[in-house]
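*Asks:* First, the structure itself, so that you have it in front of you.
The values are calculated or read from the model by the stated rules, or taken from the named source; none is laboratory data. It should be emphasised that the depicted structure is a prediction, and the values quoted were computed from it without experimental measurement. Cβ placement follows ideal geometry from the backbone for every residue including glycine, while neighbour counts extend to all protein chains displayed.
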Amino acid sequence: MRKKLAELVARYADAKFLPPLSAEELAAAEEKIGVELPEDYRAFLVEVSRGEEDTGSAFLLPPEDGLLCLTPDASPAAPFPFGEDAVEELRQRIAKKKRGADEPALDGPWNGALPLMDHGDGEYDCLVLHGPERGRMWKYWDAGWAPICVVKKGVAEPVPFLDWVEDHIKDLLGSAPPPIKPNAKEIRLISLGLTAVPPAVFEAVGAEELVLATNQIAKLPPELTKLTKLRVLSLADNDLREVPAWIGDLRALERLYLSGNKLESLPDTIGRLGCLQRLTLAKNGLRSLPDTLGELQRLVELDLRWNALAALPEAGDGLAALRVLKLAGNPLRRLPAWIARTSIEDLELEKLPDLDLDQALAVLADLPTLRTLDISPPLRGVPPTVAGLRQVTWLKLVGLGLKDVPREVLSLENLEMLSLDQNELTSVPDALFQMPRLKTVVLFSNPITRDEVARLQERWPQIKIEHG
């Protein structure tokens with residue numbers, strides 16, 4: 001049993017078994033309970049564990065916590081009110097129970113038993129302390145009392161404490177993360193309800209990929225710095241409120257996923273991650289970014305969507321390798337001039353209600369690598385400065401209430417794809433289809449008729465028109 005507990009604690013940081021009782025502590029507990037405990041339970045308390053720390057779900061109660069579950073008129077030292085005859089009578093009632101009828105149980109005082117597990121809603125697993133049922137496990141709930149062997153399917157014999165607690169540990173192991181080998185290169189612990197990083201992770205010092213996404217982790221332990229070869233770290237969709245300064249010690253990191261947490265800032269040490277190529281920070285509460293972000297000379301993709309950023313850091317000249325920048329859903333007002341000195345190819349300017357679009361497009365006119373630009377609500381209309389984006393090959397003008405294709409768009413001689421979804425277009429000018437490089441026009445969710453689309457497609461067969 002101790003070996004199983006050691007395995008459980010290594011795999012599942014939420015399993016917190018408390019140290020055993022000393023002989024003196026056991027004697028004090030028995031004096032408080034008012035009766036000598038069954039031998040198997042006594043052995044467990046002094047040789048294995050006194051119980052579990054409360055982790056928010058059903059757990060093995062230490063003796064003193066079990067006493068707190070009792071009603072004021074209940075006494076563990078009083079005789080247990082049920083014996084073999086009562087158990088047999090209950091079995092017969094269950095055998096005669098009609099489908100859909102209430103679960104049979106025995107009614108009587110809560111005496112002679114110690115609660116060992118609280119399932120919530122007044123349901124407990126209890127250890128019997130007296131009589132022929134001494135040392136066996138019974139269940140109490142709103143219907144009354146029943147031996148676990150009677151109410152648990154597939155169990156015919158009385159359930160002694162050690163069998164019950166072994167089943168509990170087995171259940172915990174069954175729901176625990178898979179075993180982590182010390183030589184593991186990839187560790188993926190996704191959607192397991194973890195509130196902490198399992199200790200076994202820290203022993204896999206050669207790991208290159210650690211995915212802990214979609215859990216409930218609120219704090220990162222410094223022991224993660226033992227994983228010096230880590231290239232990928234995913235902590236997306238957890239409960240992190242801060243990124244510790246030691247994150248900068250993971251110098252081999254190439255991809256860091258932190259989306260879907262509760263971050264409001266990043267440490268300056270983020271700039272030490274000289275190998276970092278992808279950084280995702282979407283859906284946090286970020287209000288600012290450190291200037292050291294500009295030191296990430298190999299960063300290719302930066303996802304900042306759905307934060308609270310009113311400005312980007314000015315010290316961004318080091319981001320020359322940046323190719324993808326996602327900014328949607330921020331109260332951003334301006335684009336910094338350094339963006340024109342990056343290698344950005346794909347840029348989202350959607351859902352930026354405070355953005356000075358003329359200023360932003362003026363900056364982007366000096367960005368020779370720009371290929372894809374997304375302009376979407378709550379912006380309304382397209383400013384004339386869009387004509388300066390002659391390098392763009394894919395322009396997305398989605399949901400802007402357009403009734404006509406802006407004439408400035410017709411001057412974009414490198415345009416290959418134009419997305420005009422969710423506008424108010426009833427027709428498209430012939431001049432659009434005469435653009436030298438145009439290959440695709442997207443017209444989903446516009447009031448243009450199928451007949452008009454068919455006419456255009458027949459006249460301009462070399463251009464794909466997507467409509468529905």
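*Asks:* Evaluate the following for Leu349: is it modelled with pLDDT of 90 or more and buried (at least 21 other Cβ atoms within 10 Å of the Cβ)?
*Replies:* For Leu349, the condition - modelled with pLDDT of 90 or more and buried (at least 21 other Cβ atoms within 10 Å of the Cβ) - is not met.
*Asks:* Continuing with the same structure: With respect to Asp107, determine if the residue is in contact with a His (Cβ under 8 Å, 6 or more places away or on another chain), on the phi < 0 side of the Ramachandran plot and of a type in the set (D, E, K, R).
*Replies:* no
*Asks:* Can you work out which of the residues in the stretch 66-93 that are exposed (fewer than 14 other Cβ atoms within 10 Å of the Cβ) and aliphatic (A, V, I, L, M) is nearest to Arg134 (Cα to Cα)?
*Replies:* Ala77
*Asks:* What do you reckon, is Arg298 surrounded by fewer than 17 Cβ atoms within 10 Å (Cβ to Cβ) and either at pLDDT below 95 or over 16 Å from Leu235 (Cβ atoms) (or both)?
*Replies:* Considered against the rule, which asks whether it is surrounded by fewer than 17 Cβ atoms within 10 Å (Cβ to Cβ) and either at pLDDT below 95 or over 16 Å from Leu235 (Cβ atoms) (or both), Arg298 comes out as yes.
*Asks:* Based on what the data block shows, is Val197 in contact with a helix residue (DSSP H, G or I) (Cβ under 8 Å, 6 or more places away or on another chain), over 30 Å from Gly51 (Cα atoms) and outside the structural domain of His130 (by TED's automatic domain parsing)?
*Replies:* Against the criterion (in contact with a helix residue (DSSP H, G or I) (Cβ under 8 Å, 6 or more places away or on another chain), over 30 Å from Gly51 (Cα atoms) and outside the structural domain of His130 (by TED's automatic domain parsing)), Val197 does not qualify.
*Asks:* Filter the stretch 181-200 down to the residues that are among the hydroxyl-bearing types (Ser, Thr, Tyr) and either surrounded by 12 or more Cβ atoms within 10 Å (Cβ to Cβ) or more than 19 Å from the chain's Cα centre (by Cα) (or both) and list them by number.
*Replies:* Across the stretch 181-200, the qualifying residue is only Thr195.
*Asks:* Here is a further query. How many residues does the stretch 358-377 hold that are under 19 Å from Glu413 (Cα atoms) and of a type in the set (S, T, N, Q)?
*Replies:* Within the stretch 358-377, residues that are under 19 Å from Glu413 (Cα atoms) and of a type in the set (S, T, N, Q) number 2.
*Asks:* Hey, among Leu395, Leu402, which residue is modelled with pLDDT of 95 or more, of a type outside the set (Lys, Arg) and more than 23 Å from Leu309 (Cβ to Cβ)?
*Replies:* The unique qualifying residue is Leu395.
*Asks:* Which of the residues spanning the stretch 453-462 are buried (at least 18 other Cβ atoms within 10 Å of the Cβ) and in contact (Cβ under 8 Å) with a residue 24 or more places away in the chain?
*Replies:* Across the stretch 453-462, the qualifying residue is only Leu456.
*Asks:* In this structure, is Ala360 small (Gly, Ala, Ser), on the phi < 0 side of the Ramachandran plot and part of a loop (DSSP other than H, G, I, E, B)?
*Replies:* Spelling it out, it is not the case that Ala360 is small (Gly, Ala, Ser), on the phi < 0 side of the Ramachandran plot and part of a loop (DSSP other than H, G, I, E, B).
*Asks:* While we're here: Restrict the check to the stretch 1-21 and report whether at least one residue is modelled with pLDDT of 95 or more, in a helix (DSSP H, G or I) and among the small types (Gly, Ala, Ser).
*Replies:* no
*Asks:* Given the structure, is Pro115 surrounded by fewer than 21 Cβ atoms within 10 Å (Cβ to Cβ) and either farther than 25 Å from Ala29 by Cα or not aromatic (Phe, Trp, Tyr) (or both)?
*Replies:* Against the criterion (surrounded by fewer than 21 Cβ atoms within 10 Å (Cβ to Cβ) and either farther than 25 Å from Ala29 by Cα or not aromatic (Phe, Trp, Tyr) (or both)), Pro115 does not qualify.
*Asks:* Return only the number of the condition from (1) in a strand (DSSP E or B); (2) closer than 25 Å to Leu61 by Cβ; (3) touching a strand residue (DSSP E or B) at 6+ places or on another chain (Cβ under 7 Å) that Pro158 does not satisfy.
*Replies:* Of everything listed in (1) in a strand (DSSP E or B); (2) closer than 25 Å to Leu61 by Cβ; (3) touching a strand residue (DSSP E or B) at 6+ places or on another chain (Cβ under 7 Å), Pro158 misses just condition (1).
*Asks:* A follow-up question, please. Could you say whether any residue in the stretch 210-220 is over 26 Å from Lys283 (Cα atoms), without any contact (Cβ under 8 Å) to a residue 24 or more places away in the chain and not assigned by TED's automatic domain parsing to the domain that holds Ala10?
*Replies:* Within the stretch 210-220, not a single residue is over 26 Å from Lys283 (Cα atoms), without any contact (Cβ under 8 Å) to a residue 24 or more places away in the chain and not assigned by TED's automatic domain parsing to the domain that holds Ala10.
*Asks:* If you don't mind, there's one more thing I want to ask. Go through the stretch 346-375 and report how many residues are touching a Phe, Trp or Tyr at 6+ places or on another chain (Cβ under 8 Å) and more than 21 Å from Gly399 (Cβ to Cβ).
*Replies:* 1
*Asks:* Taking the conditions exactly as written (in contact with a strand residue (DSSP E or B) (Cβ under 8 Å, 6 or more places away or on another chain), part of a loop (DSSP other than H, G, I, E, B) and surrounded by 19 or more Cβ atoms within 10 Å (Cβ to Cβ)), does Val409 satisfy them or not?
*Replies:* So Val409 fails the test.
*Asks:* Could I ask something else about it? Test each condition in (1) in contact (Cβ under 8 Å) with a residue 40 or more places away in the chain; (2) touching a Pro at 6+ places or on another chain (Cβ under 7 Å) for Arg136 and report the one that comes out false.
*Replies:* With (1) in contact (Cβ under 8 Å) with a residue 40 or more places away in the chain; (2) touching a Pro at 6+ places or on another chain (Cβ under 7 Å) applied to Arg136, the lone miss is (1).
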